[in-house]
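Just below is one structure, and these are the notes that go with it.
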Amino acid sequence: MGMGKPGFYYPGADRLIHPPPLLSLLVLITFSSRIQIGECQVQTPQCRIQKCTTDFVSLTSHLNPSLDGFDTEFCKALRAYSACTQRTAKSCRGNLVFHSAMLGISDLMSQRNCSKDGPTSSTHPEATVEPCNYHSRRHGPRVGEHTRPTYLFCGLFGDPHLRTFKDHFQTCKVEGAWPLIDNNYLSVQVTNVPVVPGSSATATNKITIIFKPYQDCTDQKVYQAVTDDLPAAFVDGTVSGGDSESRSLWMVEKLAGRHVEIHAGYIGVTVIVRQQGRYLTLAVRMPEELATAYDETQDLQLCMNGCPTAERIDQDGILQLPVLGLQNQPGLQHQQQHPRANPNHSPPAPPRGGFTLESAMAKCQEQLEVRDIYFHSCVFDLLTTGDVNFTSAAYNALKDMETLHPKRERWHIFPRGNSGPSPVPLLLHLLLFVLIVATLL
């Protein structure tokens, strides 16, 4: 499993703002929460700037700038931050952290075009919980009272390739209708059809999503997409659930007929549906405590438990390709070299679309720079189908994963034998270099 890009990383903060304000925010947080020496000179007992900053981080740490509604919630948190600093201004005179916070807030409000007047995020101990907002219910009236929820990610794309809630990556047949998610809050079902004759590979041409009724937040809402019909509304013609002010469930059309996002604020769920070529892709982010709320009659869920063994095309993460001479490519191997391959699998079709291994890899490399499992899936799809649209499908699946997956360090998955760039050798080299320099001093 590969690591994200090396460098300083503050969990959650990198999703809040662009680099310049991020830097000022990190400096501010560091000043307000890390300074121990001479603390009596930096923050008096009456100056509550550290509490203001902590509340701001709690209000914004779950926000994602790539998703709809970010600016509204971020501006509300900034106004609450500003109001908090104003209440403690008298006792914070001469406080470096306080004055840095004031400048930082002003810069962020300008960069995000936030008005000074408007609603604020509530951090008051007696604040009312919003029943149709998962984060509000989860935290309760006191911000920071509970730990942040754990989120899970599931994605499906290509022929089809499945990334489960447990970050297992599988390539499956699963022809026909199969449940991806089926719990007490959400059901997602996909229908897969054969892509080319003589191959076990299928692809998704229909997605049905059911948001189950929840208290007074929303009635049951059903969304259905099929090839060449990616609607920007639920099947009943509406584009939201619940009342317009609570925004418990709403839909955003990013690209007409090609890209739709559904946000279920009442259960903390985001769903991305796309069409690439003739087939559909899906990405889902959901809180773990809700994803695991199901009984034994609902255990057939591909996102939760993966594909049944008989439906797997890959062999422990190794894709069987219809090309000779692939034994030297980690993650890509010729089926004849695996006599234990499932006998129920159909023999792979010959390469299509004029792609050789080299040309398929070159085509995928145009959009997928890291040779992780998304890259290898792209190569598999091109050699199996000859359809270049699967290149974009793999690329957008990667981007949707980066948008929704909560843990950067788990973004890249590498096939066995190709673990990707490892930070360990570099770290050892740096340590050796430091030791050598130390001996010379």
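The values are calculated or read from the model by the stated rules, or taken from the named source; none is laboratory data. Worth saying up front: this structure is predicted, and the values here are computed from it rather than measured. So basically every Cβ, Gly included, is an ideal-geometry build from the backbone, and we count neighbours across all protein chains shown. Just the protein is used for accessible areas: all its heavy atoms, side chains included, with ligands, DNA and RNA removed. Shrake-Rupley method; radii C 1.70, N 1.55, O 1.52, S 1.80 Å.
Below is a table of values for the structure above.
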quantity	calculated
Criterion (in a helix (DSSP H, G or I) and surrounded by fewer than 22 Cβ atoms within 10 Å (Cβ to Cβ)) met by exactly one of Glu369, Glu402	Glu402
Residue within segment 192-200 that is without any contact (Cβ under 8 Å) to a residue 60 or more places away in the chain and crowded, with 18+ Cβ neighbours inside 10 Å present	yes
Residue within segment 230-250 that is in contact (Cβ under 8 Å) with a residue 24 or more places away in the chain and closer than 22 Å to Gln301 by Cβ present	yes
Qualifying residues in segment 287-299 (those that are within 12 Å of Leu186 (Cα to Cα) and open to solvent by 10 Å² or more (accessible area, probe 1.4 Å)) - the one farthest from the chain's Cα centre (by Cα)	Gln298
Single unsatisfied condition, Thr204 versus (1) of a type in the set (Ser, Thr, Tyr); (2) surrounded by 23 or more Cβ atoms within 10 Å (Cβ to Cβ); (3) over 24 Å from the mean Cα position of the chain (by Cα); (4) at pLDDT 85 or above	(3)
Sole exception among (1) modelled with pLDDT under 95; (2) in a helix (DSSP H, G or I) for Asp387, by number	(2)
Some residue of segment 160-171 being without any contact (Cβ under 8 Å) to a residue 24 or more places away in the chain and surrounded by 15 or more Cβ atoms within 10 Å (Cβ to Cβ)	no
Condition met for Lys212 (closer than 28 Å to Ala293 by Cβ, in contact (Cβ under 8 Å) with a residue 60 or more places away in the chain and surrounded by fewer than 21 Cβ atoms within 10 Å (Cβ to Cβ))	no
Options Tyr395, Tyr374; residue that is modelled with pLDDT of 50 or more, among the hydroxyl-bearing types (Ser, Thr, Tyr), open to solvent by 50 Å² or more (accessible area, probe 1.4 Å) and within 19 Å of the chain's Cα centre (by Cα)	Tyr395
Pair list, Cβ < 8 Å and 6+ apart or interchain, from segment 93-122 residues that are open to solvent by 70 Å² or more (accessible area, probe 1.4 Å) to residues that are at pLDDT 85 or above and hydroxyl-bearing (Ser, Thr, Tyr)	Met102/Thr85; Lys116/Ser82
Failed item in (1) open to solvent by 10 Å² or more (accessible area, probe 1.4 Å); (2) touching a Cys at 6+ places or on another chain (Cβ under 6 Å); (3) at pLDDT 95 or above, with Val284 passing the rest	(1)
Any hit, segment 253-264, residues being more than 29 Å from Cys378 (Cα to Cα) and touching a Phe, Trp or Tyr at 6+ places or on another chain (Cβ under 9 Å)	yes
Verdict on Val252 being closer than 19 Å to Gly176 by Cα and open to solvent by 10 Å² or more (accessible area, probe 1.4 Å)	no
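Conditions tested, residue by residue: (1) closer than 21 Å to Pro406 by Cα; (2) touching a Pro at 6+ places or on another chain (Cβ under 8 Å); (3) modelled with pLDDT of 95 or more; (4) in a strand (DSSP E or B).
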{"site": "Thr270", "(1), (2), (3), (4)": "yes, no, yes, yes"}
{"site": "Gln275", "(1), (2), (3), (4)": "no, no, yes, yes"}
{"site": "Gly325", "(1), (2), (3), (4)": "no, no, no, no"}
{"site": "Arg340", "(1), (2), (3), (4)": "no, no, no, no"}
{"site": "Pro343", "(1), (2), (3), (4)": "no, no, no, no"}
{"site": "Ser346", "(1), (2), (3), (4)": "no, no, no, no"}
{"site": "Gly353", "(1), (2), (3), (4)": "no, no, no, no"}
